[in-house]
Amino acid sequence: MEGVDSKMRVLVTGGSGLVGKAIERVVKEEGGAREGEEWIFLSSKDANLMDAAETKALFQKHRPTHVIHLAALVGGLFKNMRQNLDFWRNNLYINDNVLQTAHEFGVVKVVSCLSTCIFPDKTTYPIDETMIHNGPPHESNFGYAYAKRMIDVHNRACFEQYGRRYTAVIPTNVFGPHDNFNIEDGHVLPGLMHKTYIAQKEGKALHVWGSGTPLRQFIYSLDLARLFIWVLREYDEVEPIILSVGEEDEVSIKQAAEAVVNAFGFKGQVVFDTSKADGQFKKTASNAKLRKYLPDFKFTPFDKAIKETCDWFVANYDIARK
Ligand SMILES: NC(=O)c1ccc[n+]([C@@H]2O[C@H](COP(=O)([O-])OP(=O)(O)OC[C@H]3O[C@@H](n4cnc5c(N)ncnc54)[C@H](OP(=O)(O)O)[C@@H]3O)[C@@H](O)[C@H]2O)c1
């Protein structure tokens, strides 16, 4: 791949978030970086990527050869339902600024991040990489979904017009250390972890939002980080690739709650609050393309990853986002 040599300088936007922190750990602690490489992890404090001039100044300063683009307005079902306009505009501006500026500065490769929750609501299962634009997304998060889909449009057009090999990965629900554990605005697993922590501390029942029946594929942020680095180095397609555990590893929200309850050793009552929305019933994704490339990649077992994340949350309660 052009440009992958000892002078690789990788800019990671959104480097202070759940996925960015996991990539940083793999790069720094697991030998993910190679000799002579420079990795730069950014947060919104380095630049507001909604602003074109600030984005340009950032690229001027760091002159990256490669970009992992994670920065985004991210949130769970309930925050998405409240703020569809913010999710649309923030992400549209951030993505256009990063991708266009990368092109202008001659960046060799950009790997952006889509999500399986941007796929059509009415679809056949399992969903795969060819189906992103085949119909409207779920109404709860249409702002986020359409903004993310436009990354794929941008990448295809940029390849056709300029030959740039900018691509995107499509993770399923991510969880791990440094997640947003806010109960109202966060994703289901960190929200459940925080609620279980409080229920245990106060000796009260744990209230799980929704019926517990929806199905999800969860990926541990450290597994995703290892795969992200592989995509940056080895994956040469412009078309996106789903990064997910297999269809057989899909779990219900009820099973996910049980894993969290076990990790905390919570002995109280668990109540499913069916007055709260469930969101999409399922969004089962195929990881066949990933398996074609990496048949032997080993995902961390779900219960182990949940336990590590709960332990991190307890140990870092004061600094955790919540
Ligand atoms: N979490 C999931 O389940 C999931 C699933 C599929 C895909 N993804 C995608 O994965 C990527 C990373 O998500 P995450 O869960 O790691 O998110 P996160 O923990 O919320 O982190 C978001 C990151 O984006 C930065 N950011 C937000 N707005 C910015 C702005 N205007 N300018 C510059 N930086 C900005 C934040 O900086 P500060 O720390 O300074 O605020 C932070 O580093 C996103 O593209 C997301 O769409 C996430």
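Only the coordinates and a few stated rules stand behind these numbers; no lab work does. This structure is a prediction, so every number in the text was calculated from the model and none was measured. No Cβ is skipped: glycine too gets one built from the backbone with ideal geometry, and neighbour counts run over all protein chains shown.
Applying the criterion of being outside any loop (DSSP other than H, G, I, E, B) and within 11 Å of the ligand (Cβ to nearest atom) to the residues of the stretch 63-76, the residue that is surrounded by the fewest Cβ atoms within 10 Å (Cβ to Cβ) is His69. Where strands (runs of 3 or more DSSP E) fall wholly inside the stretch 215-322, the ranges with 2 or more residues that are β-branched (Val, Ile, Thr) are 241-243, 270-273. Pairs meeting the criteria (first residue in the stretch 220-233 and touching a residue at least 40 places away in the same chain (Cβ under 8 Å) and under 15 Å from Ala33 (Cβ atoms), second residue assigned to a strand (DSSP E or B) and within 12 Å of the ligand (Cβ to nearest atom), beta carbons under 8 Å, at least 6 apart or on different chains) are Phe228/Ile68; Phe228/Val111; Phe228/Val169; Phe228/Leu243; Leu232/Ile68; Leu232/Val111. Does Ile151 count as among the aliphatic types (A, V, I, L, M), in a helix (DSSP H, G or I) and either touching a residue at least 12 places away in the same chain (Cβ under 8 Å) or closer than 21 Å to Leu92 by Cβ (or both)? The answer is yes for Ile151. Just one of (1) part of a loop (DSSP other than H, G, I, E, B); (2) of a type in the set (A, V, I, L, M); (3) within 14 Å of the ligand (Cβ to nearest atom) fails for Ala33. It is (3). Name the residues in the stretch 96-117 that are without any contact (Cβ under 8 Å) to a residue 60 or more places away in the chain, buried (at least 23 other Cβ atoms within 10 Å of the Cβ) and either among the small types (Gly, Ala, Ser) or within 12 Å of the ligand (Cβ to nearest atom) (or both), would you? Passing the criteria: Asn97, Ser112. Might you check whether a residue that is more than 16 Å from the ligand (Cβ to nearest atom) and touching a Phe, Trp or Tyr at 6+ places or on another chain (Cβ under 8 Å) occurs anywhere in the stretch 138-156? So far as the stretch 138-156 goes, no, none of its residues is more than 16 Å from the ligand (Cβ to nearest atom) and touching a Phe, Trp or Tyr at 6+ places or on another chain (Cβ under 8 Å). Remark: pairs (first residue in the stretch 9-34, within 22 Å of Ala305 (Cα to Cα); second residue β-branched (Val, Ile, Thr) and more than 11 Å from the ligand (Cβ to nearest atom); Cβ separation under 8 Å; 6+ apart in sequence or on different chains) = Gly15/Ile40; Ile23/Ile229; Val26/Ile229; Val27/Ile229; Gly32/Val26; Gly32/Ile229.
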